[in-house]
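Heads up: the structure comes next, in structure tokens.
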Amino acid sequence: MKFAVIGGTGLIGAKTVAILRQGGHAVVAASPKSGINTITGEGLNQAMAGANVVIDLANSPSFESKAVMEFFKTSGRNIAAAEAAAGVAHHVALSIVATDRTDNGYFRAKVAQENLVVASGIPYTIVRATQFLEFLGGIADAGADGNVVRLPPILFQPIAADDVAAMVAEVALAGPRNSIVEIAGPERAPFNDILARYLQAVGDPRAVVSDPEAKYWGGPVTEHSLVPLGEARLGRIGLDDWLRRPRARA
């Protein structure tokens, strides 16, 4: 099979490309670095020529509400047009668990992306993942208030990038479901507990406080806002296993 992986040089993309190539598949790792740009449309038709499956892992360079919405809408429209011209049989999009249950600018943009996928008429599977373990440092910084990290009292179930890539590749190798698949890490625990364990492991002295007034990336959340409500595929790598990896501490 031939795959075009949009965002193929990023955190998840590079891992997904490696898995597919190890399986003997032809893969185009599409990114602006390789001359393929989903915003301008440059190189998209060439990247998708002969592709059976397109995997969209692209991310916006800006998380500002207006900019991220414009990115996913423009990118989504351009990808769909190129897929239709190439006769692509399966579109796989990586999204986020609870995009439709959490109100912030980035999540609203991901909902818009999902809607474009569904409306395109191209057979699809949307993979919604919980937050990545690799982003815990950035999440802590976003909630920082001096020497304290303030987090809402909610449940958290982060997933390792290696598990995300493996599951995305698995979905891409299967037929389109025309529905959503949710994936999450193997451990569900209070948000403040997971962040406190992470900060302690990396030697960050900031204290973690559970604060009912705290928001998540500017949006209000409730106890189950960031975890799957129903059935989800679970990864293999828990927080402690991930923290034992030298790169995680770096």
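None of the figures in this text is laboratory data; all of them are computed from the coordinates on show. Here the structure is a predicted model, which means the values were calculated and not measured. With ideal geometry, Cβ positions are generated from the backbone for all residues, glycine too; neighbour counts draw on all protein chains shown.
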Can you give the FRET efficiency for Asp100 and Ser210, using 1/(1 + (r/R0)^6), R0 = 22 Å, r = Cβ-Cβ distance, to the nearest 0.05?
0.30
Estimated dipole of the chain in Debye, rounded to 20 [Cβ of Lys and Arg +1, of Asp and Glu -1, Cα centre]
500
Just Pro205, Pro123, Pro32 to compare: in a GNM of the chain, with alpha carbon springs under 10 Å, which one fluctuates most?
Pro205
Listed peptides 61-73, 84-96, 154-166, 39-51 by packing density, highest first (mean Cβ within 10 Å):
154-166, 84-96, 39-51, 61-73
Please tell me the relative contact order of the chain in percent, rounded to the nearest whole number, where contacts are Cα pairs under 8 Å and at least six residues apart.
19
Each residue of the range 162-171 in order: what ³J(HN,Hα) in whole Hz does its phi give by Karplus 6.51 cos²θ - 1.76 cosθ + 1.60, θ = phi - 60°, with x for Gly and Pro?
4, 5, 4, 4, 4, 6, 4, 4, 4, 5
Within-9-Å neighbourhood charge of His91 [Cβ basis; K, R +1; D, E -1]
-2
Report the extension gain between Ala174 and Arg244 in nm, rounded to one decimal, defined as 0.36 nm multiplied by the number of residues separating them, less their alpha carbon distance.
22.0 nm
Semi-axis lengths, Å, the range 62-114, gyration tensor of Cα atoms, sqrt of 5 times eigenvalues
23, 13, 6
Counting only DSSP beta bridges with both residues in the range 114-250, what percent are antiparallel, rounded to the nearest 5?
30
Using modelled amide H (1.01 Å from N, peptide plane; none on Pro or chain starts), what sits under 5 Å from the amide H of Arg233, excluding residues fewer than 5 places away?
Glu182, Ile183, Ala184
Taking only C-alpha pairs under 8 Å that are 6+ residues apart, what is the relative contact order of the range 161-250 in percent?
45
DSSP beta bridge pairing in the chain, given as percent antiparallel to the nearest 5:
15
Identify all aspartates and glutamates with a Cα-Cα distance to Lys73 below 12 Å; exclude those on the same chain that are fewer than 8 residues away in sequence.
Glu114
Amide H to amide H, which residues 5 or more places from Ile159 or on other chains are under 5 Å from it, using H placed in the peptide plane?
Gln131, Phe132, Leu133, Gly185
Which of Gly218, Gly23, Gly175 fluctuates most in a GNM of the chain (C-alpha springs under 10 Å)? That residue is Gly23
Among the lysines, which have Cα under 22 Å from the Cα of Lys215 when same-chain residues fewer than 8 positions away are ignored?
Lys66, Lys110
So how far apart, in nm, are the two label points at Ala26 and Val118 if each is 7 Å from Cα heading toward Cβ?
3.4
Suppose each label sits 7 Å from its Cα in the direction of the beta carbon; what would the Ala89-Lys73 distance come out to in nanometres?
3.4
What three numbers, in Å, describe the spread of the alpha carbons of the range 171-217 along their principal axes, ordered from the longest?
47, 26, 17
Can you give the translational diffusion coefficient of the range 2-249 in µm²/s, computed by Stokes-Einstein from the Kirkwood radius over Cα pairs at 10 °C and 1.306 mPa s?
86
